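Heads up, the thing below is written out as structure tokens.
The values are calculated or read from the model by the stated rules, or taken from the named source; none is laboratory data. These figures come from a predicted structure and were not determined experimentally. Note: ideal-geometry Cβ built from the backbone for every residue, glycine included; neighbour counts use all protein chains shown.
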Amino acid sequence: MSLTIVGLGFLGTSLGLALKYAIPEMEIVGHDPSPELTSLAKKRGAIDKSHWNLPAACEQADIVLLDLPFAQVAPTLQVLAESLAEDTLIVDFSPAKRAALASASQLLPATIRYVAAYVVPANSLAPDTEPSEAMLRDALFYLAVAPETNDRAINTAAGLADTVGAKPCFTAPDELDSLIAAGSQLPFAAAVALMSTWQQAGGWEDRKHALGASSLWVKQMLSDLPDANSIGLWQNRDMLVVWLDRAIASMHAFRETLQESDSTLLDSAVSQVKENAVSAAQADQPADTFGNDDKIGFRQLFLGSVGRRTQRKR
């Protein structure tokens, strides 16, 4: 089985490292417009070889992993539609799952399989964390598929998640977009709001040195979503607006609590939130985590149960 990773940033490189750790004999091809990222991925051992040409990098692949900003998804799928073999599986980690699935449905032939994915690491990552197979260990590996996706593609995607040490969880595309809005896009929006608030009043030059860890968190959040990814926010704006409305309502409620004459109300509100946060951290994995008995062994697929398919005619 041949696998290609398109996009050799933090997640793409980590996926390569995790796969090589689990199956050292697997050949992984890499492609990225950045020669520097490609060189680093190869140096770290995440890929065996690379190709500057996207079709050439993917045309022999059984599985293609996409780690791209949303703006690059449709153009990439359009190119791959003419170069991939039948039954090739694409696993796409870009944001805005409903929009990505719509692009895949429009641009890809029915013979190419497509699964949308989203990874939530088990542990928080420091801003300077390097790509690593450990990043995927015990991570939640969400998978969303179109209704027509066949069982083999679904099982293979789940097997991929299991192989890199993650926990595969299936969910609907709209539910996954809501999770993305709540889990990563809402904190980004909050960071934008905080930085805007800090900067709008006088004294910013003095204030910026006294914000401490709060400032570091905000800077990390702002750096985690570069300008090239802002279209992902736009594509998922309906879900993000819902969560922003909820956050604004919570802020209003917090403001009203502060205005009450009884400080115990504030203590109670804060204690309840802390208790809920601890409970969430100790909660079991989602109920829709894929069972071990249902997954196709990814190593078995690699060792030969997937044969070469007929190349698409151009």
Hand me the list of helices (runs of 4 or more DSSP H) wholly inside segment 1-70 holding 1 or more residues that are of a type in the set (Lys, Arg) and touching a Gly at 6+ places or on another chain (Cβ under 9 Å).
10-22, 35-44
Keeping to segment 24-41, report how many residues are farther than 20 Å from residue 87 by Cβ and out of contact with any strand residue (DSSP E or B) (no Cβ under 6 Å at 6 or more places or on another chain).
10
If residue 144 satisfies every condition in (1) assigned to a strand (DSSP E or B); (2) touching a residue at least 60 places away in the same chain (Cβ under 8 Å) but one, which is the exception?
(2)
Pairs please, first residue from segment 75-92 and closer than 11 Å to residue 113 by Cβ and touching a residue at least 40 places away in the same chain (Cβ under 8 Å), second anywhere and assigned to a loop (DSSP other than H, G, I, E, B) and of a type in the set (Val, Ile, Thr), Cβ atoms under 6 Å, 6+ apart in sequence or on different chains.
84/112; 86/111; 86/310; 88/112
For segment 59-71, indicate whether the set of residues that are surrounded by 15 or more Cβ atoms within 10 Å (Cβ to Cβ), of a type outside the set (Asp, Glu) and touching a Phe, Trp or Tyr at 6+ places or on another chain (Cβ under 6 Å) is non-empty.
no
Counted residues in segment 1-26 being among the charged types (D, E, K, R) and modelled with pLDDT of 95 or more come to 1
Identity of the residue in segment 102-126, hydrophobic (A, V, I, L, M, F, W, C) and farther than 19 Å from residue 61 by Cβ, that ends up surrounded by the fewest Cβ atoms within 10 Å (Cβ to Cβ):
126
Considering only segment 15-37, I want to know if a residue exists there that is of a type outside the set (Lys, Arg), under 15 Å from the mean Cα position of the chain (by Cα) and either surrounded by fewer than 18 Cβ atoms within 10 Å (Cβ to Cβ) or under 22 Å from residue 77 (Cβ atoms) (or both).
yes
Filtered residues of segment 151-169 (kept if assigned to a helix (DSSP H, G or I) and either within 16 Å of residue 179 (Cβ to Cβ) or small (Gly, Ala, Ser) (or both))
153, 157, 158, 159, 161
Exactly one of (1) surrounded by fewer than 20 Cβ atoms within 10 Å (Cβ to Cβ); (2) touching a residue at least 24 places away in the same chain (Cβ under 8 Å) is unmet by residue 46. Its number?
(1)
Within segment 86-134, count every residue that is within 23 Å of residue 2 (Cβ to Cβ) and either assigned to a strand (DSSP E or B) or outside the structural domain of residue 47 (by TED's automatic domain parsing) (or both).
10
Name the helices (runs of 4 or more DSSP H) wholly within segment 180-281 that hold at least 1 residues that are over 30 Å from residue 100 (Cβ atoms) and of a type outside the set (S, T, N, Q)?
186-200, 204-207, 213-224, 237-259, 263-281
Pull out all pairs, ordered by first then second residue, where Cβ-Cβ is under 8 Å, the residues are six or more apart or on different chains, the first lies in segment 189-205 and is farther than 26 Å from residue 236 by Cβ, and the second is among the hydrophobic types (A, V, I, L, M, F, W, C) and crowded, with 16+ Cβ neighbours inside 10 Å.
204/198
Top-ranked residue in segment 257-269 [being surrounded by 10 or more Cβ atoms within 10 Å (Cβ to Cβ) and of a type in the set (D, E, K, R); ranked as farthest from residue 190 (Cα to Cα)]:
260
Within segment 221-254, of all residues that are in contact with a helix residue (DSSP H, G or I) (Cβ under 8 Å, 6 or more places away or on another chain) and of a type in the set (S, T, N, Q), the one nearest to residue 175 (Cα to Cα) is 236
Verdict on residue 173 being out of contact with any Phe, Trp or Tyr (no Cβ under 9 Å at 6 or more places or on another chain) and modelled with pLDDT of 85 or more
yes
Would you mind finding the one in 246, 255 that is free of Cβ contacts under 8 Å to residues at least 12 places away in the same chain and within 29 Å of residue 140 (Cα to Cα)?
246
